[in-house]
Amino acid sequence: MNRIEKTFAQLRRRREPALVPFIVAGDPTLEQTESLVLELEARGADLVELGVPFSDPAADGPANQRALERGLRAGASVDKILALVARLRSRSQIALVLFGYFNPVLRYGCARFCADAGRAGVDGLLIVDLPPEEAGELRRPARACGLDLIHLLAPTTPAARAARIVRMARGFLYYVSVAGVTGVRDKLPSELEPRVAALRRLTDLPIGVGFGISTPAQAAAVASFADAAVVGSAFSLLIERHGASAEALEAVGALAGQMKAAMRQARAGGPRQAQPPDDL
Amino acid sequence: MPRACPERSRRVPDSRGWFGAYGGRYVAETLMPALYELEQSYKQARRDPAFSAQLARYAADYVGRPTPLYFARNLTQRLGGAKIYLKREDLCHTGAHKVNNTLGQALLAVRMKKSRLTAETGAGQHGVAAATMAALFGLKCEIFMGRLDVERQALNVLRMKLLGARVNPVESGSKTLKDALNEALRDWIATVRDTYYLIGTVAGPHPYPLIVRDFQSVIGREARRQVLRRERRLPDFLVACVNGGSNAIGLFYPFLKDAAVKMVGVEAAGKGLDGPAHAATLVAGSVGVLHGNRTYLLQDEFGQIRETHSIAAGLDYPGVGPEHSYLKDIGRVQYTAVTDEQALKAVALLAETEGIISALESAHAVAYAAALAPSLGSERVIIVNLSGRGDKDMQTIAAHAGLTLDGAEPAAERATAG
C-alpha cells in the first residue's frame, strides 16, 4: 500500500476530508519548499502536490504561472526536485504527488523519471497535458515503480469517457471544478456537488476537487461532498507576497490550518445527497 | 503526364492524429471533448459538397484564388540557372497564405454554431486573417499577441482593431508567439462551449494539423496544375519557408507522391546557428511536447522551451508542425536554414529584379532558391512559395538599413556608407 492509498484509507476510517495543498517546487527557493511542506504537514495537510516548473504552463492561471516562473528562476529542474523529495523523506512521510507538464518528464526520460521518482519517495504523478490517450508510455513505468498516475476529469468530460478514465485511474480522481485554468475564484459552480455525486457512483476511489478553491469556506463546501480539496493559487499568492521569509511559513501554515479546521467541521454534518446530471 | 495519387490514400495522420512518431493530443482533459467534437464536425464538413462549394466560392470571390504561378524571368536571368516560379500567395486578400486556413476554419466554426473565435498571433498576419473572417461572418474575435509583438507590429494591431477584434497583449513568459498560444489555449479552456479556437499553423493537437493542412493544400493543388500547364512537367524543386510550417505543407502536400519532386523547407537561422539567436527547430532542435503535439522543439536540457530569434516575426515560434518532423525523419523533405542577412538580401534582390516586395518570412525561401538556381541547368524548374507580402516589414527593413520611414537616411549612416 503506498502513501496515497494509506492516507485516504486512514482518513476514510476517521470520516475526515483531505486537504491537498499545491505549491511550486522552488518557489521561491528549493530550501523554502522543503520548509513549506513540513509546515503544511504540521498544520493539517494530508497530501502535498509539488508543482514542477515549466516554461509554457498553458493550463495555469496567472497566480500559478508566476509561481512556476519563480520556480524556474530558482533552478527547480526535475533532478533537483527529486533530490528535494529525497531530503524530505528523512523528515516526513506525507504523501507527495508531482504535478506538472509532460515535456520536462519526457526530456528526463519516462522510465528513468519513474525509477528516480519512486526511489526518491514520490507517490504519484499528475501530468496536466497528458490525457489517457497519450499516457501509455508513462503509465507502464509508473506502475512498475509503484507510482500512481492521477487522472483528471473535467466538467466537459462526457459520462462514457469518465467511466473509461475511472477504470484506469489509480490513487485518487482529480475533478476539475470549472472549465478553465487554475486560479482563485469568488464562488464554486452550483453543479459541482451533483457532478461529484455522479462520479461517486462510478468508483470507490477517493475524489479530490481542485481549480478555484481558495478560502476555508470553499474548502469546507467541497469537503461536505468530496474526499479532498486541492488548493493551489491561494498558496502561490501567499508565497508571492511573503517570499522566502518566516512570515511566509506562518501565513501558508495558518491558511492550511484554517482550511483543515473548516473542512473537518463541514464533514461533521456528514455527506449530503444530490441528483446526478447527465454529464460529469 | 505524371499523375498524383489521391491525397486520401496517404496514411498520415492515423486516426489518433499521429504522423509516425509525431503529433497526438497533449492537452488538458477539459479540452479533449472539444477536440473530438471538432474532429467529428470536420469529418462531416469534409464529406459535405455544400461545404466544399461554399469554401471554393469564398476562395475565388473573396480571397482572390487561384493565385498566379508567376515565372520570374528577370530573377532567373540574373541568377543564370534553373527557372524560378513564384506561387503568389502574397496576392491573397490580407496579404498572405494565412487566409486560406482562417477562411476554412471560420466556415467550420459557423457550421459548428460557435459564436466566438479565439486565436494567437505572432507577426499579426494570422490575427489579421482571423479578424477578417470574424468580420465577414459576424463572429466575435479575441486575439492574443505577445506584448513584444504588439510593439513590433503596430500596423497589424491597428488592422485587427479596425476589423473589430479585441487584441489582448500577453505579458507572460517571453511575451511572444508561444506565450500568445498559451494564452489562447487558456482562453479556450474557459470558453470551450461557445468558442472556436482557430490555430494559425499546422501544429497543435489533433485534428488541427490535419485541418490546416487540408485548407492550405489549395496552394499545392493549384501550383501543380499551373506548372503542368505551363511547363508540361513537374517541377524539380519546391522551396518554402518553415516555422509552424503551414505554407510549406500547403505547397508540398499535393506533390508528396511525386517522387521526382525534391522539397526544401527553409527555417530561420537568425543571427547564425552557432549561437542561440535562431528559430531553426528542425535543423537544430530535439523532440518534445508543446502546445498539444509531439514534435521537434527548441528546448534546453531540462525540457524548458527556449527563446528564439528571427528578423521575421512570423518565423520565431520554437516548435514546428508534426508532419514536418515526420517528413524530415523519412527524408522526404530536406530542411535547411537561412540567416537574417540572407533574407534581407533576398528581399532587395526580388524587389530590384521583379518589382515584388516579399515578406521577410517568404524571403527565406527566395534566398535559398537564389543560391540553388545557379547550380542547376536552365531546363530545371523551381517553385518558390511567396507566402506573403512585405508591407508589414517596412519598419524592420528600414531600421536594418538605417533608414527612417520618411525615407531620409540619417547623416551618420550616410557618412559611413561613403
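Would you confirm whether or not segment B:9-26 contains a residue that is at pLDDT below 95 and in a helix (DSSP H, G or I)?
Within segment B:9-26 (the criterion being at pLDDT below 95 and in a helix (DSSP H, G or I)), the answer is yes, since at least one residue qualifies.
Would you mind listing the helices (runs of 4 or more DSSP H) fully within segment B:185-279 where at least 2 residues are among the small types (Gly, Ala, Ser)? Let's see the steps before the verdict.
Values: elements: B:208-216, B:218-231, B:246-252.
The qualifying helices (runs of 4 or more DSSP H) are B:218-231, B:246-252.
Going through segment A:99-126 one residue at a time, which ones are closer than 10 Å to A:Leu147 by Cβ and more than 14 Å from every other protein chain (Cβ to nearest Cβ)? Reasoning before the result, please.
Let us first name the residues in segment A:99-126 that are closer than 10 Å to A:Leu147 by Cβ, namely A:113-115, A:117-118, A:122-125.
A:Cys114, A:Ala115, A:Ala117, A:Gly118, A:Val122, A:Asp123, A:Gly124, A:Leu125, listed by residue number.
Look at A:Leu84 and say whether it is modelled with pLDDT of 95 or more, buried (at least 24 other Cβ atoms within 10 Å of the Cβ) and more than 9 Å from chain B (Cβ to nearest Cβ). Walk me through it before giving the result.
Values: modelled with pLDDT of 95 or more: yes; buried (at least 24 other Cβ atoms within 10 Å of the Cβ): no; more than 9 Å from chain B (Cβ to nearest Cβ): yes.
No; evaluated as a whole, the condition is false for this residue.
Mind listing whichever residues of segment A:153-186 are within 19 Å of A:Ala58 (Cβ to Cβ), open to solvent by 20 Å² or more (accessible area, probe 1.4 Å) and touching a Gly at 6+ places or on another chain (Cβ under 9 Å)?
A:Val178, A:Val181, A:Val184, A:Arg185 - these are the residues of segment A:153-186 that are within 19 Å of A:Ala58 (Cβ to Cβ), open to solvent by 20 Å² or more (accessible area, probe 1.4 Å) and touching a Gly at 6+ places or on another chain (Cβ under 9 Å).
Give A:Gln93, A:Gln10 a once-over and let me know the one that is free of Cβ contacts under 8 Å to residues at least 12 places away in the same chain and not small (Gly, Ala, Ser). Can you show your working first?
On the way: A:Gln93 fails: free of Cβ contacts under 8 Å to residues at least 12 places away in the same chain.
Criteria check complete, one pass: A:Gln10.
Which of the residues spanning segment B:121-155 are farther than 11 Å from B:Thr94 by Cα, of a type in the set (A, V, I, L, M, F, W, C) and at pLDDT 95 or above?
B:Ala134, B:Ala135, B:Leu136, B:Phe137, B:Leu139, B:Cys141, B:Ile143, B:Phe144, B:Met145 - these are the residues of segment B:121-155 that are farther than 11 Å from B:Thr94 by Cα, of a type in the set (A, V, I, L, M, F, W, C) and at pLDDT 95 or above.
What pairs come out if I take residues in segment A:248-262 that are on the phi < 0 side of the Ramachandran plot and in contact (Cβ under 8 Å) with a residue 12 or more places away in the chain and pair them with residues that are charged (D, E, K, R) and open to solvent by 20 Å² or more (accessible area, probe 1.4 Å) whose C-beta lies under 6 Å away, six or more apart or interchain?
Hits for this filter: A:Leu249/A:Glu39; A:Gly253/A:Glu39; A:Gly253/A:Arg43; A:Ala256/A:Arg43; A:Gly257/A:Arg43.
Among what's in segment A:105-134 and is over 20 Å from A:Lys6 (Cβ atoms) and among the basic types (Lys, Arg), pick the residue that is surrounded by the most Cβ atoms within 10 Å (Cβ to Cβ).
A:Arg107
Kindly check whether there is at least one residue in segment A:43-51 that is within 12 Å of chain B (Cβ to nearest Cβ) and either buried (at least 22 other Cβ atoms within 10 Å of the Cβ) or aliphatic (A, V, I, L, M) (or both). Working first, answer last.
Applying the first criterion (within 12 Å of chain B (Cβ to nearest Cβ)) to segment A:43-51 yields none.
Within segment A:43-51, none of the residues are within 12 Å of chain B (Cβ to nearest Cβ) and either buried (at least 22 other Cβ atoms within 10 Å of the Cβ) or aliphatic (A, V, I, L, M) (or both).
So, in segment A:244-280, how many residues would count as being in a loop (DSSP other than H, G, I, E, B) and either at pLDDT 95 or above or closer than 21 Å to A:Leu126 by Cβ (or both)?
First, the residues of segment A:244-280 that are in a loop (DSSP other than H, G, I, E, B): A:244-245, A:269-280.
So of that shortlist, the ones also either at pLDDT 95 or above or closer than 21 Å to A:Leu126 by Cβ (or both) come out as A:280.
Result for segment A:244-280: 1.
Restricting to segment B:365-405, name every residue that is of a type in the set (Asp, Glu) and open to solvent by less than 40 Å² (accessible area, probe 1.4 Å). Give the steps one after another, and end with the answer.
Our first condition is that a residue be of a type in the set (Asp, Glu); within segment B:365-405, this holds for B:379, B:391, B:393.
Answer for segment B:365-405, where residues must be of a type in the set (Asp, Glu) and open to solvent by less than 40 Å² (accessible area, probe 1.4 Å): just B:Asp393.
Mind counting the residues in segment A:177-190 that are touching a residue at least 60 places away in the same chain (Cβ under 8 Å) and more than 13 Å from chain B (Cβ to nearest Cβ)?
Within segment A:177-190, residues that are touching a residue at least 60 places away in the same chain (Cβ under 8 Å) and more than 13 Å from chain B (Cβ to nearest Cβ) number 1.
Considering only residues of segment B:297-339 that are free of Cβ contacts under 8 Å to residues at least 60 places away in the same chain and part of a strand (DSSP E or B), which is nearest to the chain's Cα centre (by Cα)?
Among them, the one singled out is B:Leu297.
For residues that are surrounded by fewer than 20 Cβ atoms within 10 Å (Cβ to Cβ) and of a type outside the set (D, E, K, R), scanning just segment A:142-152, find the one that is nearest to the other protein chains (Cβ to nearest Cβ). Talk me through it step by step, then tell me what you get.
Taking segment A:142-152 as the starting set, the residues that turn out to be surrounded by fewer than 20 Cβ atoms within 10 Å (Cβ to Cβ) are A:143-146.
From what's left, of a type outside the set (D, E, K, R): A:144-146.
Working: A:Ala144: 22, A:Cys145: 20, A:Gly146: 24 Å.
Once the filter is applied, the top-ranked residue is A:Cys145.
Just wondering, is there one or more residues in segment B:191-202 that are under 27 Å from B:Ile397 (Cβ atoms) and open to solvent by less than 10 Å² (accessible area, probe 1.4 Å)? Step through it out loud before you land on a result.
Of all residues in segment B:191-202, those under 27 Å from B:Ile397 (Cβ atoms) come to B:200-201.
From what's left, open to solvent by less than 10 Å² (accessible area, probe 1.4 Å): B:200.
Yes, some residue in segment B:191-202 is under 27 Å from B:Ile397 (Cβ atoms) and open to solvent by less than 10 Å² (accessible area, probe 1.4 Å).
Quick one: count up the residues across segment A:160-176 that are within 11 Å of chain B (Cβ to nearest Cβ) and touching a residue at least 40 places away in the same chain (Cβ under 8 Å).
Residues in segment A:160-176 being within 11 Å of chain B (Cβ to nearest Cβ) and touching a residue at least 40 places away in the same chain (Cβ under 8 Å): 3 in total.
Which of the residues that make up segment B:171-186 are out of contact with any Phe, Trp or Tyr (no Cβ under 8 Å at 6 or more places or on another chain) and open to solvent by less than 10 Å² (accessible area, probe 1.4 Å)?
Start the filter on segment B:171-186 by keeping residues that are out of contact with any Phe, Trp or Tyr (no Cβ under 8 Å at 6 or more places or on another chain), which leaves B:171-176, B:179, B:182, B:186.
The answer is B:Asp179, B:Asn182.
Looking for whichever is crowded, with 22+ Cβ neighbours inside 10 Å, more than 25 Å from A:Asp116 (Cβ to Cβ), within 14 Å of chain B (Cβ to nearest Cβ) and not hydroxyl-bearing (Ser, Thr, Tyr) here; the options are A:Ala18, A:Ala58. Which one fits? First the steps, then the outcome.
Values: A:Ala18 fails: within 14 Å of chain B (Cβ to nearest Cβ).
Checking each option against the conditions leaves just A:Ala58.
Using the structure shown, decide if A:Leu82 is in a helix (DSSP H, G or I), under 18 Å from the mean Cα position of the chain (by Cα) and more than 18 Å from A:Gly208 (Cβ to Cβ). It would help to see each step written out before you state the result.
On the way: in a helix (DSSP H, G or I): yes; under 18 Å from the mean Cα position of the chain (by Cα): yes; more than 18 Å from A:Gly208 (Cβ to Cβ): yes.
For A:Leu82, the condition - in a helix (DSSP H, G or I), under 18 Å from the mean Cα position of the chain (by Cα) and more than 18 Å from A:Gly208 (Cβ to Cβ) - is met.
Restricting to segment A:13-50, what's the tally of residues that are among the basic types (Lys, Arg) and in contact (Cβ under 8 Å) with a residue 24 or more places away in the chain?
The total comes to 2.
Given B:Ala411, B:Ala371, which one is out of contact with any strand residue (DSSP E or B) (no Cβ under 8 Å at 6 or more places or on another chain) and modelled with pLDDT under 90? Steps first, answer last, please.
Numbers: B:Ala371 fails: modelled with pLDDT under 90.
Answer to the selection: B:Ala411.
The values are calculated or read from the model by the stated rules, or taken from the named source; none is laboratory data. No experiment lies behind these values; they were computed from the predicted model shown. Quick reminder, even Gly has a Cβ in these numbers, built from the backbone with ideal geometry, and neighbours come from all protein chains shown. Protein only, heavy atoms only, side chains kept; ligands, DNA and RNA dropped before computing areas. Shrake-Rupley method; radii C 1.70, N 1.55, O 1.52, S 1.80 Å.
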